[in-house]
Amino acid sequence: MSTRALRKLQGGKRDLDLPNDCQEEEEEEEDEEDEDLETEETQVLSSKGQNRFDLLIQGSPSESEVKEDDDLTEAGEGRDDVQRGGASPQPPFGSGAKRKRKKKKRRGKAKIPASSEDPTDNDKDDIDNIIEEVNAISGESRVQVTIEKPNDKVPRNLLMVEHRHLNPQNEMKRIFGSRVVQANENNRRRGRTGRSTRSTWIVQGHPNWDHDFRQGISMVVAESTQDYQVFKYVHSQAFQQTQFKFLEAVESQNTRNIVTLLDQDPFHVDTLLQISEIFRLGDDSAVAARLIERALYVLESASHPLFNIATGACRLHYRQQENRSLFVALFRHILNVGQKGCYRTALELCKLLLNLSPDEDPLAVSLMMDFYALRAQEYAWLVALYDQYEPTKNLSLLPSFSYSVPLALFHLSVGVDQPVWRDKRDSSKAAALAEELGTTKEMRQRADQMIQRALIMFPGVLISLLDKCNIQPDPVVTSHPFFGPTAVLNQNKGLSQIVNLYVGRCYHVWKEAGVVSWLEENVHVVLARVDSGDPLVKEGEEMRKVRYQGTPLAIYRHILMSEIKDATVTLPPAIANTPIMSYDPLPPPDSVCGYSRPTPPGQQTPNSSSILASFFHSLLPNYDPNSTEGARAEEGAAAAAEGEPGADEVLREVGDLRASVNTLLDAMRDLLSNIHLPEPPGNDADMSEEENNEWD
């Protein structure tokens, strides 16, 4: 405490005895003395590597320290007396600072009770008291924090999205180097002005996007539950008018109309999706990918503040027509990123897309998560995902997981090098997941068991996979009826579609070193089990007969958007020959929209219940047979979505009906064009006389 503060406590008697000038000078000297004291204390503490908060956790001084303080204090007082007389030079900075600090420390010691047995306990009590006083002042109560042990059995969220893996530039910098990627990015942005100010995670904004961006779409909370929140996009009136123009341009089947609309509104989402597909078909994948990124940027910029993609607790219903653009854009973005070789980013985007609707999975993104996990060498994560969701999702019924999971276990048992893009955090997570799987010997045994089960349950995969890899199988394998051509022919259409989809996408991962020899060993073991009458063989036959009778509509969408030739050839004619809109492929039968499209003036919808009205409507030049059988097509789509056995038959009937209607209409038009009315009986002379009489 300074002398001025002490005088104030004593009533300020000395201040009254001194002149005003002297009082001001003395106050200034005392202020300088207090500032010097604080500076000296700070410098001494910093020189010893301490701070003011260390004094709260240190123990009380010992008797030797107190005795040393008394000696230093007496010596310091003697030097001060000599200094006042002017016979001795000023003491160094360190001694004076130490003296003053020790004085204050000795004064503090007098407050410590002599009856305390353990000074450390007293210090802890003082710290607790200080914390309680601070909490009382701030109005907060002391909360007991408990730290969970790592051994606690808490379900791990394996589908949690990590923001740092959503940007493909980060992965490309680790693979190719930051200089190469930065040079490429500078070339793309050359000649552009402006700067993106919106903060997005899925797609990084490009220059001039914020300058031309027009807000016409927003997101609201549609439903809120205890576990998650359901959101939906909402279109403004101006955006609805643009949407109506887009639908008219698509129905005109003229690409110029769509391009003209894109020039008028360069940020209309559905237009971007449709134009992107046109550029992709024209082998301009760079422009197509850029248009998809722009659509994602618009959708993410319009998202709700509570819409957090990392939590996994945000849902979007696919049946809501306004929401489907985000699903389609994300799926296309995953394919574009995967073609660049950024498999880790593609895997993270798959998690994001699956979290939007994990129960329905409207685009069947789970059918390609195993591929990106294998290409990204996330073997331990793939096995952990299978173990966690197998009891509830029956992942073993999918050929993709049945073959990919044992392949991941095989790589873990052999030991693989860390990918170049993986950092310390990813390596530690992968190591922790791998430790839970057991030793390398246990993983190898489990890999053998799982691949043998997969070969027994889905024998049609082997020959197709070896043919795709250009590997000549063993004659013993091809001659055996279990793996021969009959195994592929006996598969129903539903199973053939997902098998061809897996083979066409994942055959690259089976070409790696050591994989083919490991597969060959297990194939011979399976043949021995089949010849010995293993009961699992009979179980697999029954399973293939009962299941996979109807293909869900989500798998049809996945096959159409993936465009894997091995899978598209197995599509039914009703879907393969029907024009598919890229912005909304195969909409669900229970589709819901927040607004309705107005009917153009002068156009009336024919009544499908009246056969006579439908017949006369078919005679019009603008007749479209697809509109008369829309209800039947929706019925077939609904049956396919529910996996009913008659789904393919319904779709085939729709295609046959379309062909028969077209044939009937052509015959009717030819009949009407060839009809000639007969001439009335009578003489030409009489007719001429009658005509002359009429004019008379």
Query raised in the report: If you go through the range 560-582 one residue at a time, do you hit one that is within 30 Å of GLN449 (Cα to Cα) and of a type outside the set (A, V, I, L, M, F, W, C)?
Result: yes
Requested in this report: Could you check CYS350 against (1) of a type outside the set (Ser, Thr, Tyr); (2) open to solvent by 20 Å² or more (accessible area, probe 1.4 Å); (3) part of a helix (DSSP H, G or I) and say which number it fails?
Outcome: (2)
Report summary line: Within the range 435-452, the count of residues that are open to solvent by 30 Å² or more (accessible area, probe 1.4 Å), within 10 Å of ALA380 (Cβ to Cβ) and part of a helix (DSSP H, G or I) comes to 2
Requested in this report: Go through SER276, SER303 for me and flag whichever is surrounded by 23 or more Cβ atoms within 10 Å (Cβ to Cβ) and modelled with pLDDT of 90 or more.
Outcome: SER276
Query - Residues satisfying the stated conditions in the range 540-575, i.e. part of a helix (DSSP H, G or I), open to solvent by 40 Å² or more (accessible area, probe 1.4 Å) and not hydroxyl-bearing (Ser, Thr, Tyr) - result: GLU541, GLU542, ARG544, LYS545, VAL546, LYS565, ASP566, PRO573
Requested in this report: Could you check, for the range 371-385, whether at least one of its residues is assigned to a helix (DSSP H, G or I), basic (Lys, Arg) and open to solvent by 10 Å² or more (accessible area, probe 1.4 Å)?
Outcome: yes
Query raised in the report: For the range 214-255, how many residues are in a loop (DSSP other than H, G, I, E, B) and surrounded by 12 or more Cβ atoms within 10 Å (Cβ to Cβ)?
Result: 5
Requested in this report: Output the number of residues of the range 473-496 satisfying the condition of being closer than 15 Å to PRO459 by Cβ, open to solvent by 50 Å² or more (accessible area, probe 1.4 Å) and assigned to a helix (DSSP H, G or I).
Outcome: 7
**Report entry** Of all residues in the range 576-585 being over 24 Å from CYS506 (Cβ atoms) and not acidic (Asp, Glu), the one that is most open to solvent (accessible area, probe 1.4 Å)
**Finding:** ASN577
Report summary line: When the range 397-409 is checked residue by residue, the ones that are in a helix (DSSP H, G or I) and in contact (Cβ under 8 Å) with a residue 60 or more places away in the chain are LEU397, PRO399, SER400, TYR403, SER404, LEU407
Query raised in the report: Is it true that some residue in the range 410-433 is part of a helix (DSSP H, G or I), at pLDDT below 95, touching a Lys or Arg at 6+ places or on another chain (Cβ under 7 Å) and closer than 16 Å to GLU512 by Cα?
Result: yes
Query - Flag for ASN336 being within 25 Å of PHE458 (Cα to Cα) and open to solvent by 10 Å² or more (accessible area, probe 1.4 Å) - result: no
Requested in this report: Say whether the condition of being more than 30 Å from SER413 (Cβ to Cβ), among the aromatic types (Phe, Trp, Tyr) and either touching a Leu at 6+ places or on another chain (Cβ under 7 Å) or not in a helix (DSSP H, G or I) (or both) is met by at least one residue in the range 581-603.
Outcome: yes
Report task. Return a yes/no flag: does the range 292-314 have any residue that is under 27 Å from the mean Cα position of the chain (by Cα) and over 30 Å from GLU360 (Cα atoms). Result -> no
Report task. Starting from the range 421-447, keep only residues that are under 17 Å from ASN157 (Cα atoms), then list their pairs with residues that are modelled with pLDDT of 85 or more and not in a helix (DSSP H, G or I) whose Cβ atoms are within a distance under 8 Å, requiring at least 6 positions of separation or different chains. Result -> ALA430/GLU378
Query raised in the report: Is the range 279-288 home to any residue that is in contact (Cβ under 8 Å) with a residue 24 or more places away in the chain and charged (D, E, K, R)?
Result: no
Query raised in the report: Looking at the range 497-513, is at least one residue at pLDDT below 95 and not in a helix (DSSP H, G or I)?
Result: yes
**Report entry** Odd one out for SER402 among (1) open to solvent by 20 Å² or more (accessible area, probe 1.4 Å); (2) over 28 Å from GLU171 (Cα atoms); (3) modelled with pLDDT of 90 or more
**Finding:** (1)
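The values are calculated or read from the model by the stated rules, or taken from the named source; none is laboratory data. These figures come from a predicted structure and were not determined experimentally. Heads up, the Cβs are rebuilt from the backbone with ideal geometry, glycines too, and the neighbour counts pull from every protein chain shown. Ligands, DNA and RNA are excluded from the accessible area calculation, which covers all protein heavy atoms including side chains. Shrake-Rupley method; radii C 1.70, N 1.55, O 1.52, S 1.80 Å.
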